[in-house]
Amino acid sequence: MLFIRNIKILIISILILTIGLIILFYSKDNNESFFKVIKVIDGDTIVIEGGEIVRYIGIDTPETNKENNDCFAQEAWNMNRELVEGKEVKLKKDISERDKYGRLLRYVWVDDLFINEYLVKNGYASASTFPPDVKYADDFLKFQKKAKEENLGLWSSCQVNGIICSVNVYDCSDFETNQEAQSIYDSCGGVDNDIHQLDGDNDGLSCESLP
């Protein structure tokens, strides 16, 4: 009887260990975790239970600050609050764990709704790619292009003569030639308002690597 009991205990122990290893492998393979959102800082940044700050990967929303919000910042913040505040979210990492400010970098879902994607699709955010975290970069650029074409969100509210100069929504990859980039750069104020950071060396010339 003692032998049989020991065998049963051994079998149960092996099963528990096997299940634990499967769960551990699955967790590492998917890099997924679930947390409740306790605060929304702005359109692309939240605080989860435990106090960690999470920055959404691959997108950028207009900035909020105490003195003067960027164009469409309040709308982006309000939408993010509506989507995630007080809810359990699924967080999934790409390659990087944190950004230079120590914030967790994650893709975010509420149930089946991909929040990063939703904000870009509906014009609350622009695509913002920082390698090596590029898993959904092509999708975000595709959805951004469609949002631009349909004049959704910031693409409608923040344009003056067809150009956005109040929110960082362009980079050199948006232009085919240096002349196109320079036109936007000059229209937005050149060195005095290089909000899109097209002039890396601050010499008055934008996207100098373009033909």
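Number of residues in region 154-173 that are in contact with a strand residue (DSSP E or B) (Cβ under 9 Å, 6 or more places away or on another chain) and either acidic (Asp, Glu) or assigned to a helix (DSSP H, G or I) (or both) equals 2.
Would you say residue 123 is surrounded by fewer than 16 Cβ atoms within 10 Å (Cβ to Cβ) and either more than 17 Å from residue 144 (Cα to Cα) or in contact (Cβ under 8 Å) with a residue 12 or more places away in the chain (or both)? The answer is no for residue 123. Among the residues of region 174-209, the ones that are part of a loop (DSSP other than H, G, I, E, B), aliphatic (A, V, I, L, M) and either closer than 29 Å to residue 69 by Cβ or under 27 Å from the mean Cα position of the chain (by Cα) (or both) come to 2 in all.
For region 82-89, the condition of being among the basic types (Lys, Arg), in the same structural domain as residue 70 (by TED's automatic domain parsing), assigned to a helix (DSSP H, G or I) and closer than 17 Å to residue 43 by Cβ holds for none of the residues. Scanning region 195-209 for residues that are loosely packed, with under 14 Cβ neighbours inside 10 Å and among the hydroxyl-bearing types (Ser, Thr, Tyr) yields a single hit, 209.
When residue 7 is tested against (1) at pLDDT 75 or above; (2) farther than 30 Å from residue 166 by Cβ; (3) surrounded by fewer than 11 Cβ atoms within 10 Å (Cβ to Cβ), only condition (1) is not met. Just checking, how many residues over region 170-183 are touching a His at 6+ places or on another chain (Cβ under 7 Å) and either over 20 Å from residue 127 (Cα atoms) or crowded, with 18+ Cβ neighbours inside 10 Å (or both)? Here the count works out to 1. Residue 112 fulfils the conditions (1) assigned by TED's automatic domain parsing to the domain that holds residue 43; (2) buried (at least 20 other Cβ atoms within 10 Å of the Cβ); (3) out of contact with any strand residue (DSSP E or B) (no Cβ under 9 Å at 6 or more places or on another chain) except for a single criterion, (2). Quick check on region 132-144. Is at least one of its residues surrounded by 14 or more Cβ atoms within 10 Å (Cβ to Cβ), within 19 Å of residue 75 (Cα to Cα), outside the structural domain of residue 75 (by TED's automatic domain parsing) and among the hydrophobic types (A, V, I, L, M, F, W, C)? No. Of all the residues in region 97-140, those that are assigned to a helix (DSSP H, G or I) and within 12 Å of the chain's Cα centre (by Cα) number 8.
Residues in region 157-210 that are in contact with a Cys (Cβ under 8 Å, 6 or more places away or on another chain) and among the small types (Gly, Ala, Ser): 157, 166, 181, 187, 189, 206, 209.
The values are calculated or read from the model by the stated rules, or taken from the named source; none is laboratory data. On a predicted model such as this, the values are computed, not experimentally measured, just so you know. Quick reminder, even Gly has a Cβ in these numbers, built from the backbone with ideal geometry, and neighbours come from all protein chains shown.
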